[in-house]
Amino acid sequence: MTTRQINQQTIVRSRNLHKSFGPLLVLDGIDLDVYAGEVVVILGPSGSGKSTFLRCINHLESIDSGFVEVDGEQIGYRLRRERLDKLSNAAIAKQRQKIGMVFQQFNLYPHMTALQNVIEAPVGVHKESRSAATENAMRLLDRVGLSSKAHSYPRQLSGGQQQRVAIARALAIKPKLMLFDEPTSALDPELVGEVLSTMRDLAKQGLTMIVVTHEIGFAREAADRVVFMDGGKIVEMGKPEDVIGNPSHPRTQSFLSRFI
Ligand code: ADP
Ligand code: MG
């Protein structure tokens, strides 16, 4: 049972989103709303456009047509890369402040401790005071079960611990939305559980999350909604018990059959 509240405030609204790389159509009309407090898991085969969709939400890719809004503000509407660059950097930075992103490769700064990694953006970019940022970072490290590792360097941490630091770092900017792109795919199998467990806790605490993963068990337990993407389209979307338990589309059925 979940104690989370999902309300009707839309955090992400994507409409008819199209994105190509040269002749390759990668996103072919994505329509998706994500509500405050909701956990949406995106499943789909490699190359189906999942990462590109997350990257469009976070301004890491330009958008060809359609639009994405985050918290009511449009992201790169029909702007080509050249013009997007001209879009005020301040406006982009402001939108990105609302979004935390966790990648497959955790990309911690190797010369900084866990704590320094977590306070880097709040102090360096958002000009928070070091003491307030440190206090918040210690709370976040505690939240991901790593308060005892605050002064360890990434090389002294396991992959699972590094990824949990990366999650704390993404949370440090107090995002309204967290994007996870295959956060456990680079981990040894025995380290996957601790990261998924951290993500389950965040979900329970009401964070709005979009998670791309191949962890079907996580999707089944933690997702409010599961989206199945293939060929740049959303093929099927619904409650986990429907999309995973009883998929209606042949492509979803064939994809999921690999995990049984
Ligand atoms: P997924 O995350 O579902 O595996 P991606 O969004 O990474 O899929 O990629 C979708 C398609 O777009 C793939 O065919 C990939 O090779 C291609 N692609 C992704 N990024 C680029 C890029 N920067 N330039 C050219 N092609 C790309
Ligand atoms: Mg990907």
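Normalising by the residue count of the chain, find the relative contact order in percent from Cα pairs under 8 Å and 6+ residues apart.
Taking the mean separation of contacting Cα pairs over the length of the chain, I get 25 percent.
For Glu190 paired with Gln105, estimate the spin-label separation in nm (one decimal), with each label point 7 Å from Cα along the Cα-to-Cβ line.
2.6 nm
Placing unit charges on C-beta atoms (Lys and Arg positive, Asp and Glu negative, everything else neutral), compute the dipole magnitude of the chain about its Cα centre in debye, rounded to 20.
On the way: 32 positive and 28 negative charges, 131 e Å.
It comes to approximately 620 debye.
May I ask for log10 I(q)/I(0) of the chain at q = 0.10, 0.17 Å⁻¹, from a Debye sum over the Cα atoms as equal point scatterers with solvent left out?
Taking Cα atoms of the chain as identical point scatterers yields -0.50, -1.39.
Positive end of the dipole of the chain, charges at C-beta (+1 Lys, Arg; -1 Asp, Glu), about the Cα centre: which of Val243, Pro183, Gln95 has its Cα farthest in that direction?
Positive-most Cα among the choices belongs to Gln95.
Compute the signed sum of charges (Lys and Arg +1, Asp and Glu -1) over the other residues within less than 9 Å, Cβ to Cβ, of Pro240.
After counting each charged neighbour, the total is -1.
Using r as the Cβ-Cβ distance of Ser147 and Leu24, and R0 as 41 Å, what FRET efficiency do you calculate, to the nearest 0.05?
So the FRET efficiency works out to roughly 0.35.
Going from the alpha-carbon gyration tensor of segment 11-75, what semi-axes, largest first and in whole Å, does one get by taking the root of 5 times each eigenvalue?
After scaling each eigenvalue by five and taking roots: 19, 14, 9 Å.
Sorted by packing (mean other beta-carbon atoms within 10 Å per residue), highest first, where do 63-75, 114-126 land?
The packing order, highest mean first, is 114-126, 63-75.
Kirkwood Rh over alpha-carbon pairs of segment 98-175, then Stokes-Einstein at 25 °C and 0.890 mPa s: what D in µm² s⁻¹, rounded to an integer?
For these conditions, the coefficient is 204 µm²/s.
When the label point is put 7 Å from the Cα of Leu256 along its Cα-to-beta-carbon vector, which residues of segment 29-58 have a backbone N closer than 17 Å?
Counting only backbone N, you get 40-45.
Taking the Cα centre as origin and putting +1 on Lys and Arg beta-carbons and -1 on Asp and Glu beta-carbons, what dipole magnitude results for segment 42-183, to the nearest 20 debye? Don't skip to the answer; put the middle values down first.
Numbers: 20 positive and 13 negative charges, 36 e Å.
In total the dipole reaches around 180 debye.
Quick check on packing: order 152-162, 248-258 by the mean number of other C-beta atoms within 10 Å, highest mean leading.
Result, highest mean Cβ count within 10 Å first: 152-162, 248-258.
Take peptides 175-185, 189-199 and line them up by average Cβ neighbours within 10 Å, highest first, as a rough protection proxy.
My ranking of the peptides, most packed first, is 175-185, 189-199.
Rule-based calculations on the coordinates, nothing more; no lab input. Keep in mind the model is a prediction, meaning the values are calculated, not measured. Using ideal geometry, Cβ is built from the backbone for each residue, glycine included, and neighbour counts are taken over all protein chains shown.
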